[in-house]
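The values are calculated or read from the model by the stated rules, or taken from the named source; none is laboratory data. Remember, predicted model here, so these are calculated numbers, not experimental data. For neighbour counting, all protein chains shown are included, and Cβ atoms are generated from backbone atoms with ideal geometry for every residue, glycine included. Protein only, heavy atoms only, side chains kept; ligands, DNA and RNA dropped before computing areas. Shrake-Rupley method; radii C 1.70, N 1.55, O 1.52, S 1.80 Å.
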Amino acid sequence: MKEAAVKRIAAHVADKSMIAPGIYSMVLSCEIGSRALPGQFVLVYPRDGSHLLGRPICIADADDDSIRIVFRAAGSGTKDIAETGIGDRLFVEGPLGRGYPVSDEITGGRSIVLLGGGIGAPSLLFLAKSLRRQDPGADILAVLGYRDSSMKHFLYEDIKDTGADALIATDDGSEGIGGNVIDALKTTDRRADVIYACGPMPMLSAVKKYAKETGAKAYISLEEHMACGVGVCLGCVVKTLKKDGHSMVNNARICTEGPVFDAEDVDI
Amino acid sequence: MADLSVEFAGLRFKNPVTVASGTFGSGMEYEKMVDLNRLGAITTKGVSAVPWEGNPTPRVTETPSGMMNAIGLQNPGLDVFMERDLGFLSGYDVPVIVNVCGHSMEEYEEVVERLSDDDRVAMLEINVSCPNVSKGAIQFGTDAGMLGEVTKRCKLKAGSKPVIMKLTPNVTSIADMARAAEDGGADGISLINTFTAMKIDIYRKRFVLANRTGGLSGPAIHPIAVRMVYEVSHAVGIPVIGMGGIASFEDAIELMMAGATMVAVGMINFARPDATMRVIDGIEDYLVKMGIDSVRDITGIV
Ligand SMILES: Cc1cc2nc3c(=O)[nH]c(=O)nc-3n(C[C@H](O)[C@H](O)[C@H](O)COP(=O)(O)OP(=O)(O)OC[C@H]3O[C@@H](n4cnc5c(N)ncnc54)[C@H](O)[C@@H]3O)c2cc1C
Ligand SMILES: Cc1cc2nc3c(=O)[nH]c(=O)nc-3n(C[C@H](O)[C@H](O)[C@H](O)COP(=O)(O)O)c2cc1C
Ligand code: FES
């Protein structure tokens, strides 16, 4: 075996647009899509050679020969990625991690609520599509939280187009319901049996607490700084309530055992 | 065809390329992407007598042409390591160098002793960048007296296993440290570990890593590694494993020319898991192109 398998693959940028201030949507042609599950992520490598590590980004949608990613140009790495032109090449690696558990056993006949805070919405789009495909009659409500109306409720229409009910919440009340996603959920008479959530840590802690109070099952997608993305460096851990079977301490690797966890299992 | 095999501390390795501890786990995660049998050796993540939890997060961040880490030597402890990780590696035809860490002289001794008669282990690499909890958490490897003492005590417990002392670059004179290890009976030296560094998020006005400081590694440190390997190989008579920022075969050859007998590929594995394969192929191609028969001929050539 002289030729070692190269884990990162070249993907072409098939489409790119800015869908809200600083928020980019990109379609990448690559075969990763054929294997991707909702909640999984890819590492996208900035082109500038002084950036060595891939940036973890959720898969927002996938088909057999492409994936879509939606990301915020946060720092120099994601800014570099955002500057890639249509037709240009990016190196990506994935799909990585364990996504949202979506078996019929978990969701069948239950009321499903998707909670997305800010840049947490992308993985919920892929999830909403998959849930709909799995059960055309599924009862799905998505509550999407934004800072304010200037964020142009990105991905709200896409998620609504999957046939889910959808609500907008803004921190300052400039659009939709004022408050966070849980405040907005509480204004409805929807019971949440199963919650899938992605967003900033304070929101996910609140989701965990809410699920505990209401008896809902909650699956949350966590974020942490990563180096390898495949379980080697132990950079990306989250505290767990039980001893983790791999690490033998109360730490699980978000890139490998996650990024999606049962809210009951993690200490956040 | 050039001869890639090397001798180190009385053992023969099929080529000079291993991985740097902590950047390859025990190979399990990279097994599907890298032909483990082609590696000269695998150096495993630091292991202690009991499981260590490691530091709070964030533990890693990127820096220009490198990264900082403050993992805090999280590891599952020696029992699980011996059963699971060494068990896994015994399915491969690759020598294993076990990286050992401890919070006290006694903890190092315990790990070394338990591995001393394990046939699955080729050599022991002692990571002296661990805090000595009984000495106000100063790192064993930053004090020549303490370094000599750990070396001596590990050697006494190691039986016939070669003991390599892995030096930290966070010292005034790396050559003095290498001499202290040699005087303590070390069979080899490996260097460099990471540089203690700091990064601040100016918008949040706080440290990026939860630990405040972290170890800098990657291409950014490579030229310093070359200089330190050169100084150490001139200061001692025992062989050297060179590492620090290898990203290509050229970087590896540079470290060998500076005096290293073997080299270890580190954090670049995270970005390019096949980096070791490219380094091995690159070294071979280089030797052929340059008309050099054996890789052993380039060690210390400058
Ligand atoms: C599993 C996962 C999925 C993600 N999905 C998305 C997504 O779909 N869309 C999106 O916009 N963002 C997503 N993020 C966050 C995204 O990875 C960071 O915004 C990005 O890494 C920042 O890189 P930078 O170079 O622009 O920023 P810098 O601040 O310059 O980065 C410096 C270093 O810190 C790391 N880092 C900084 N912030 C984060 C963060 N929040 N999470 C992880 N690493 C960070 C970088 O990777 C880099 O190593 C996800 C993160 C994770 C862990
Ligand atoms: C994430 C990470 C974990 C590491 N863990 C260990 C360790 O357990 N023991 C050790 O001796 N060195 C450890 N190191 C240091 C490396 O083995 C190596 O000495 C250093 O990173 C320099 O090489 P590089 O620049 O090629 O990465 C670690 C480095 C990194 C980046
Ligand atoms: S990013 Fe390396 S273990 Fe998760």
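For the range B:86-175, the square roots of the Cα gyration tensor eigenvalues, ordered a ≥ b ≥ c, give a/c of at least 1.5 with a/b greater than b/c, which places it in the prolate category.
For B:PHE195, the residues whose modelled amide H falls within less than 5 Å of its own, excluding neighbours fewer than 5 places apart on the same chain, are B:LEU216.
Computed as a quarter of the hull surface, the mean projected area of the alpha carbon convex hull for the protein assembly as shown stands at 26.1 nm². Along the range B:165-171 the Karplus relation, 6.51 cos²θ - 1.76 cosθ + 1.60 evaluated at θ = phi - 60°, assigns HN-Hα couplings of 9, 9, 7, 8, x, 7, 9 Hz to successive residues, with x for each Gly and Pro. When shorter helices are ignored and each DSSP H run of at least 4 residues is given -39500 (n - 2.57), the per-residue value for chain A at 222 nm works out to -5000 deg cm²/dmol. Distant-in-sequence amide contacts of B:THR63, defined by a placed amide H-H separation under 5 Å and a gap of 5 or more residues or a different chain, comprise B:MET68. Would the range B:1-97 count as rounded, prolate or oblate if I go by the C-alpha gyration tensor, calling it rounded below 1.5 in a/c and otherwise prolate when a/b exceeds b/c, oblate otherwise? It comes out oblate by the Cα gyration axes.
Computed from phi, the 3J(HN,Hα) profile of the range B:213-229 under the Karplus parametrisation 6.51, -1.76, 1.60 (θ = phi - 60°) reads 9, x, x, 8, 9, x, x, 4, 9, 4, x, 6, 4, 4, 4, 5, 4 Hz, with x in place of Gly and Pro. Other protein chain C-beta atoms within 10 Å of residue C-beta, averaged over A:42-49: 1.
Between the listed residues A:ALA36, A:GLY54, A:ALA74, the Cα displaced farthest toward the positive end of the dipole of the range A:8-96, a dipole computed from Cβ unit charges relative to the Cα centre, is found at A:ALA74.
Which shape class applies to the range B:116-232: rounded if a/c is under 1.5, otherwise prolate when a/b exceeds b/c and oblate if not, where a ≥ b ≥ c are the square roots of the Cα gyration tensor eigenvalues? Verdict is prolate for the range B:116-232. Just so you know, the averaged projected area of the alpha carbon convex hull for the range A:8-96 sits at 5.0 nm². Within a straight-line Cα-Cα reach of under 22 Å, A:LYS79 can be paired with the following lysines, leaving aside sequence neighbours fewer than 8 residues apart in one chain: A:LYS16, A:LYS152, B:LYS199, B:LYS205.
For the range A:179-222, the relative contact order comes to 46 percent (Cα pairs under 8 Å, sequence separation of at least 6). Nonpolar atom fraction for the range A:104-223, defined as the carbon and sulfur part of the 1.4 Å probe accessible area, stands at 48 percent.
Close amide H pairs (under 5 Å, H built 1.01 Å from N) link B:ASP3 with B:SER294, B:VAL295, residues at least 5 positions away or on another chain. Karplus-derived 3J(HN,Hα) values for the range B:189-195, using 6.51 cos²θ - 1.76 cosθ + 1.60 with θ = phi - 60°, are 10, 10, 6, 10, 6, 7, 8 Hz; glycine and proline are entered as x.
Per residue, the solvent-accessible area of chain B (1.4 Å probe, heavy atoms of protein chains only, all protein chains present) comes to 37 Å². Placing one equal scatterer on every Cα of chain A and applying the Debye formula, the log10 ratio I(q)/I(0) at q = 0.16 Å⁻¹ is -1.27. Mean residue ellipticity at 222 nm, helices only, chain B: -8000 deg cm²/dmol; runs of at least 4 DSSP H residues each add -39,500 (n - 2.57), and the sum is divided by the number of residues.
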